[in-house]
Every structure is written in C-alpha cells, then in structure tokens.
Amino acid sequence: MDDNQKWAQRLGYAGLIPFVLGAALVWVVSDEAYPYVTLALSAYGAVIVSFLGGIYWGVAFQQPQPQPRLWVWGVVPSLLAWVGVMMPPESGMVVLGAVLLLCYAVDRHLYPPLGLSRWLVLRFRLSAVAALSCFLGAAGA
C-alpha cells in the first residue's frame with residue numbers, strides 16, 4: 001500500500017466517526033438533544049453522499065472526452081441526499097443509507113473502466129459502516 005492509499009484509508013475511517021457516533025447517540029440522548037443528533041447524522045450523511053457523487057466530476061475533469069454519464073451520476077447523489085435530509089429522520093436516514101449503498105453499486109460498475117478498482121475494498125468498508133449507521137439511526141429515531 002502506497003502513502004496515498006494509507007492516507008485515504010486513515011481519513012476514510014476517521015470519516016466514519018460522525019456516522020457511528022451519531023447512530024449511537026440517537027439511541028441515548030435526551031428528548032431535547034434528539035432533534036440535533038438526528039439532524040447532525042442526516043446532514044453528515046447527505047454531505048458524504050454528495051461527496052461521493054462529486055468524485056465523478058473530478059474524474060470527468062481529468063479526461064479529454066468524458067462520458068456524459070460521469071457528469072450525470074455526479075449530480076444524482078446530491079439530489080437524492082437532499083431528498084433524504086429533508087424527510088423526517090426515521091425515513092430520511094433510510095433513504096441516505098440506501099443511497100450510500102447505491103453509490104457503492106455504481107462505483108463497482110464505473111470504477112474498473114476508470115482504473116479505480118484498487119479503491120473498491122475501501123469503498124465497500126466505508127459504505128457498509130456508513131449505511132449501517134444510517135439504518136441504525138433510523139431505527140432509533
């Protein structure tokens with residue numbers, strides 16, 4: 001593993017902290033703190049989903065003749081995340097968890113022809129924990 005992969009792995013795992021902490025806090029906070037915790041988890045999920053879509057714009061910018069599907073898919077996660085964050089937490093977090101899994105499924109299809117296959121194991125791990133956190137947060141909502 002080269003230094004770039006090590007950094008990506010460390011930062012990726014650190015990025016799971018708000019997911020795991022948020023999912024745990026949904027179950028234990030007081031009624032007064034509950035709306036803030038569910039909003040924090042939903043908003044962070046939406047930010048990460050948008051980030052995952054944005055990767056495709058970055059990849060498209062690097063190519064001399066990018067495929068239009070890269071631009072299109074780059075926007076779709078943000079739109080779906082917006083829907084999820086605007087919903088009540090118990091349903092919105094389910095949407096966000098599902099979109100995280102959808103993003104991974106798309107990555108499994110689009111990463112190999114782009115030469116990004118080496119990132120799929122990390123993407124799977126991060127997506128699994130993030131989606132599970134959203135689903136557990138929704139269950140506690």
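The values are calculated or read from the model by the stated rules, or taken from the named source; none is laboratory data. Computed from a prediction, not measured in an experiment: that's the story for all the values here. Please note: Cβ atoms are built from the backbone with ideal geometry, for glycine as well, and neighbour counts cover all protein chains shown.
Here is how the numbers come out for the structure above:
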| read-out | value |
| --- | --- |
| Extreme residue, nearest to the chain's Cα centre (by Cα), among residues of the range 127-141 that are surrounded by 22 or more Cβ atoms within 10 Å (Cβ to Cβ) and touching a residue at least 40 places away in the same chain (Cβ under 8 Å) | ALA130 |
| Members of the range 74-104 that are more than 12 Å from the chain's Cα centre (by Cα) and within 27 Å of LYS6 (Cα to Cα) | GLY74 |
| Flag for LEU39 being modelled with pLDDT of 95 or more, crowded, with 18+ Cβ neighbours inside 10 Å, of a type in the set (A, V, I, L, M) and out of contact with any Ser or Thr (no Cβ under 7 Å at 6 or more places or on another chain) | no |
| Filtered residues of the range 67-89 (kept if of a type in the set (S, T, N, Q) and in contact with a helix residue (DSSP H, G or I) (Cβ under 6 Å, 6 or more places away or on another chain)) | SER78 |
| Failed condition for ARG123, given (1) of a type in the set (D, E, K, R); (2) outside any helix (DSSP H, G or I); (3) surrounded by 15 or more Cβ atoms within 10 Å (Cβ to Cβ) | (2) |
| Some residue of the range 92-104 being touching a Gly at 6+ places or on another chain (Cβ under 9 Å) and over 20 Å from THR38 (Cα atoms) | yes |
| Pair list, Cβ < 6 Å and 6+ apart or interchain, from the range 54-68 residues that are without any contact (Cβ under 8 Å) to a residue 24 or more places away in the chain to residues that are assigned to a helix (DSSP H, G or I) and surrounded by 10 or more Cβ atoms within 10 Å (Cβ to Cβ) | TRP57/GLY74; ALA60/LEU70; ALA60/TRP71; PRO66/ALA60 |
| Flag for PHE51 being surrounded by 12 or more Cβ atoms within 10 Å (Cβ to Cβ), without any contact (Cβ under 8 Å) to a residue 12 or more places away in the chain and under 13 Å from the mean Cα position of the chain (by Cα) | yes |
| Every residue from the range 1-28 that is surrounded by 12 or more Cβ atoms within 10 Å (Cβ to Cβ) and either touching a His at 6+ places or on another chain (Cβ under 7 Å) or of a type in the set (Val, Ile, Thr) (or both) | VAL20, VAL26 |
| In the range 1-60, the residues that are polar (S, T, N, Q) and part of a helix (DSSP H, G or I) | ASN4, GLN5, GLN9, THR38, SER42, SER50 |
| Residues located in the range 72-120, provided they are farther than 18 Å from ALA23 by Cα, of a type in the set (A, V, I, L, M) and outside any helix (DSSP H, G or I) | LEU116 |
| Test: residue in the range 91-98 that is without any contact (Cβ under 8 Å) to a residue 24 or more places away in the chain and either surrounded by 15 or more Cβ atoms within 10 Å (Cβ to Cβ) or touching a Phe, Trp or Tyr at 6+ places or on another chain (Cβ under 7 Å) (or both) | yes |
